[in-house]
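**Q** Here's a structure for you.
The values are calculated or read from the model by the stated rules, or taken from the named source; none is laboratory data. No experiment lies behind these values; they were computed from the predicted model shown. Neighbour counts run over all protein chains shown; Cβ positions are idealised from the backbone, glycine included. Surface accessibility is based on the protein's heavy atoms, side chains included, excluding ligands, DNA and RNA. Shrake-Rupley method; radii C 1.70, N 1.55, O 1.52, S 1.80 Å.
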Amino acid sequence: MALVKAGLVVLDCAEPEKLAVFYKELLEGEETDATANRVEIRGADGFRLAFRRDVNATPPSWPRPENSLQAHIDFVVDDLDAVERKVVELGGRPLETKDASGPYEQRGYADPAGHSFTLRTITPTAPKQG
């Protein structure tokens with residue numbers, strides 16, 4: 001028998017209800033539990049996230065060094081452009097915009113509360129051309 005039954009990522013934020021809506025829509029998921037200070041969701045693929053109320057939460061400042069990145073989430077997607085449009089529509093914002101032209105294998109974003117996450121395609125097995 002396993003000692004741990006299940007695990008999930010918990011993000012601290014000032015407004016867990018609002019952040020849960022962002023990720024529920026992005027992951028095409030459902031709310032699975034909610035209390036006054038915490039909301040849990042499960043994405044369509046089974047990925048679980050929770051959002052815990054912390055009225056003093058400050059978003060990470062990545063890529064700036066003060067209060068920098070502590071953790072982030074990677075999401076594997078088929079179409080970076082389509083998912084980016086959805087992220088922005090839901091209130092997220094791009095973080096890595098140095099060279100905004102052309103296709104990328106991964107892109108960084110912040111959710112509405114400032115937590116960073118990455119959208120990435122599955123890395124091709126063939127060597128990179130060019």
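**Q** Could you list all residues from segment 4-38 that are in a strand (DSSP E or B) and either in contact with a Cys (Cβ under 8 Å, 6 or more places away or on another chain) or among the polar types (S, T, N, Q) (or both)? Outline the logic, then answer.
**A** Kept after step one, since they are in a strand (DSSP E or B), are these residues of segment 4-38: 9-13, 30-34, 38.
The one that is in a strand (DSSP E or B) and either in contact with a Cys (Cβ under 8 Å, 6 or more places away or on another chain) or among the polar types (S, T, N, Q) (or both): 32.
**Q** Next question, about the same structure. Regarding segment 67-83, can at least one residue be identified that is under 18 Å from residue 114 (Cβ atoms), open to solvent by 90 Å² or more (accessible area, probe 1.4 Å) and modelled with pLDDT under 70?
**A** Scanning segment 67-83, I find at least one residue that is under 18 Å from residue 114 (Cβ atoms), open to solvent by 90 Å² or more (accessible area, probe 1.4 Å) and modelled with pLDDT under 70, so the answer is yes.
**Q** Ok, one more. Give me the pairs: first residue in segment 18-42 and free of Cβ contacts under 8 Å to residues at least 60 places away in the same chain, second residue part of a helix (DSSP H, G or I) and open to solvent by 80 Å² or more (accessible area, probe 1.4 Å), beta-carbon distance under 7 Å, and six or more apart or on different chains, which are they?
**A** Close Cβ pairs (under 7 Å, with a partner that is part of a helix (DSSP H, G or I) and open to solvent by 80 Å² or more (accessible area, probe 1.4 Å)) amount to 39/17.
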